Amino acid sequence: MFCHDSVPAQVCLRARRKTAPNDAGFSLVEIMATSLVLATLAGLVIMVVGNIAGHYRISGDARGVSNSVAVAKLRAASLFTQTRLYVTLSTGVYSIQTYQKTGTPGWVSEGGTVPLSPGVSFGFSAVGTPPPNTQATIAQAAPCKDDAGVALAGTACILFNSRGLPVDATGAPTGIGAFYLTDNQSVYAVTVSATGMLRFWRTVNSGSPSWALQ
């Protein structure tokens, strides 16, 4: 406001105070309300990002297991010997093993062990039935056996003969081998039919699963 010389100073000052903009800022209530909204939005973002990251972890691990089973199958046919995917259920690690015929016969690991991601484990949680046309009862593959033929507790193996076909410990063809992985939200399965066909499945964690091929 511009004041003319004829206007008393006190009157001009009061007029300026009335017309001056309010620069008092935000009140405490406004700041708290805004902070609450931002905190809620941040929580939602964290939850969504966490769910997406969890999905990629378990799906990536399941595909890793599936790929390793496929590699074990190829190794058996190319090396003309038995191979297997060896899984340690309790620690969540797996490795490809080849049966060495020369020298001292026995199982030899290739490339070390591969661990599952944090939060992912071998298991099927609350899921009570296997994928269709795979197993009669849901279960991990049969326990692995050591060089002396003794079953190893806490392990699971899918074994291939020298033609790349899945067999049991006696060498008989079988089509019930499977590995299950879970993060308690979803369950993935890798199954191998009697012909050696690999299939990759997913379902939500439920007592009444709805298995879908991936």
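The values are calculated or read from the model by the stated rules, or taken from the named source; none is laboratory data. Just so you know, these numbers come straight off a predicted model, no measurement behind them. In this analysis, Cβ positions are derived from the backbone assuming ideal geometry, glycine residues included, and neighbour counts consider all displayed protein chains.
The figures follow:
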| read-out | value |
| --- | --- |
| Search result, residues across region 169-211 that are in contact with a Ser or Thr (Cβ under 6 Å, 6 or more places away or on another chain), hydroxyl-bearing (Ser, Thr, Tyr) and more than 10 Å from residue 131 (Cβ to Cβ) | 182, 210 |
| Region 188-214 residues that are under 17 Å from residue 73 (Cα atoms), paired with ones that are surrounded by 17 or more Cβ atoms within 10 Å (Cβ to Cβ) and among the hydroxyl-bearing types (Ser, Thr, Tyr) (beta carbon under 7 Å, 6 or more apart) | 190/66; 191/134; 194/174; 198/66; 199/191; 200/66 |
| Yes/no for residue 194 being in a loop (DSSP other than H, G, I, E, B) and in contact with a strand residue (DSSP E or B) (Cβ under 8 Å, 6 or more places away or on another chain) | yes |
| First in region 90-109 and in a strand (DSSP E or B), second anywhere and among the basic types (Lys, Arg), Cβ under 7 Å, 6 or more apart | 96/75; 97/84; 98/75 |
| Filter result (hydrophobic (A, V, I, L, M, F, W, C) and outside any helix (DSSP H, G or I)) within region 72-89 | 80, 85, 87, 89 |
| Single residue of 121, 125, 68, 117 found to be among the polar types (S, T, N, Q), surrounded by 13 or more Cβ atoms within 10 Å (Cβ to Cβ), at positive phi and at pLDDT 95 or above | 125 |
| Complete set of residues in region 104-119 that are of a type outside the set (A, V, I, L, M) and closer than 19 Å to residue 76 by Cβ | 105, 106, 107, 109, 110, 111 |
